[in-house]
Amino acid sequence: MPLHLALALSWPLMQAAPTSRLLADAPDAVPTPERPKVGAAPVAEAPGPVDAEPANEGSEVAESSEGPAAIDSEPETGAAPAKLDRKADAKVQKFKFKPGRGFELATKDGNYVLAIRARLQVRYDLEHPNMPGEPIDHLLQIRRARVVFAGNVFGKHNRYYIQFGFSPRDMLGGLPDNSPGIRYNPVRDARVEFRYLRDATVWLGQMKVPFSRQRVISSGNQQFVDRSSVNEEFNLDRDIGLVLRSDDIAGLGRLKYALGVFMGDGRNAYELTNTGALYVGRVTVMPFGKFEDDSEGDLERQKKPGLSLGGAYAYHDDAPGERGVHGPRPADGGTTDIHHATADLMFKWRGLSFESAFHYRKARRRNPGARWTRWGCRCRWRWRATASAGSASSAT
């Protein structure tokens, strides 16, 4: 039974027992007062615990499938906010389940939050060669099986995001066949976020490289089960590093940026390598104003047109593979210096969504002795458009 379904089924049971406290010490039992006798003065009811809260109370979590969001604290009425005591015990006082967002636990002030969610994607393939004597092949697979732990600690500005993938394709994750087997593990994302400055948020850990739009969009927000073949060729996947970013520069609702430095060896790297690194920068402009440009479909059928224009550049110094972190490793043990560039756009309006991207890559191979051996460049373009009546996809 999927995790979110199991939690949904258990919710009525938790409603029926409001005295149950999850991850918190149970309050001392209060004896039931005796029924007053006739003619006697009425006995006042014993007060309940001071920190008791309804089991289903709690505010919404921001709609973002790729990052944690803190549960908002209850509004203060004229009182100054209490100083956060990092050594004090914090009891869970908010409990919530929301379809699509998961199971959430939080303290009353919202300084400590844990959200747990899971999702499953199934894919069926049928290959018909349409040639005499050629067999028909088919496959039903668990394309993605993900579990996410997200939230914040010691305040709403200190967030974390941990994601595991358990399907065979998730375990492989595009790593080359000659990668050590220990890298085929379920850890996909493991990062912390420090959101003290709107225009300079810091992300640290293992995460998606902020390069191509379609790769950055979560697989749970795609229009189709898988991304395009062009993205498969040119994306920079995940890596371990540091990112400085903002999703709303100056509060204008029109500009976003991301600057990052990564190790350049791909996800789950654990051994010492050369001094090469991956440097990346991305800028996004939304001339008509901010809208949901981190999902491919326009399920909300927004009445106002939304346009998002993005561009990114990355330089991969001493890349281990011929396509960066992906691709075969050179037999002579050499590395590759690679220049990556991409430009993309997304348009949404009244159920129509259109997405296009251009990719460019230029590389020079060098031997262990640092002698330049060859260079080359590749560029490709793709488009994708969807509407309520049907869908189409093409890649060149």
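Observations on the model:
- Centre-to-centre, using Cα atoms only, region 122-169 and region 84-115 are separated by 28 Å.
- One equal scatterer on each Cα of region 101-226, no solvent, Debye formula: the resulting log10 I(q)/I(0) at q = 0.21 Å⁻¹ is -1.34.
- Label point 7 Å beyond Cα of L139 along Cβ direction - residues of region 177-210 with amide nitrogen under 19 Å: 177-179, 184-185
- Placing +1 on the Cβ of every Lys and Arg and -1 on the Cβ of every Asp and Glu, with nothing else charged, gives region 275-337 a dipole about its Cα centre of roughly 340 debye.
- Sparsely packed trypsin sites (Lys or Arg not before Pro) within region 189-288, loop by DSSP, other Cβ within 10 Å at most 16: R198, R254
- For a straight C-alpha distance cut-off of 21 angstrom, the lysines reachable from K208 (same-chain residues fewer than eight places away being disregarded) are K256.
- The loop-placed GluC sites (Glu not before Pro) in region 240-348, going by DSSP, that have at most 13 neighbouring Cβ atoms within 10 Å of their Cβ come out as E271, E300.
- Computed over protein heavy atoms with a 1.4 Å probe, the accessible surface of region 217-306 works out to 48 Å² per residue.
- Binned Cα-Cα distances of region 247-309, short to long, each 10 Å bin given as a whole percent: 18, 33, 23, 19, 7, 0
- Contour minus Cα-Cα distance for Y184 and Y315 (0.36 nm per residue): 44.6 nm
- For region 245-285 and region 306-365, distance of Cα centres in Å: 13
- Here the gap between L84 and N130, fully extended at 0.36 nm per residue and compared with their Cα-Cα distance, gives a gain of 9.8 nm.
- Taking 0.36 nm per residue of sequence separation and removing the Cα-Cα distance, the L259/L204 pair yields an extension gain of 18.6 nm.
- Cross-link pairs exceeding 28 Å in C-alpha to C-alpha distance, out of K91/K290; K98/K156; K91/K156; K156/K303; K108/K303; K96/K304, comprise K91/K290; K156/K303; K108/K303; K96/K304.
The values are calculated or read from the model by the stated rules, or taken from the named source; none is laboratory data. As the structure is a computational prediction, the values presented were derived from the model and not from experiment. Reconstructed Cβ throughout: ideal geometry from the backbone, glycine too, with neighbour counts over all protein chains shown. Accessible surface is based on the protein model in full, side chains and every heavy atom, while ligands, DNA and RNA are left aside. Shrake-Rupley method; radii C 1.70, N 1.55, O 1.52, S 1.80 Å.
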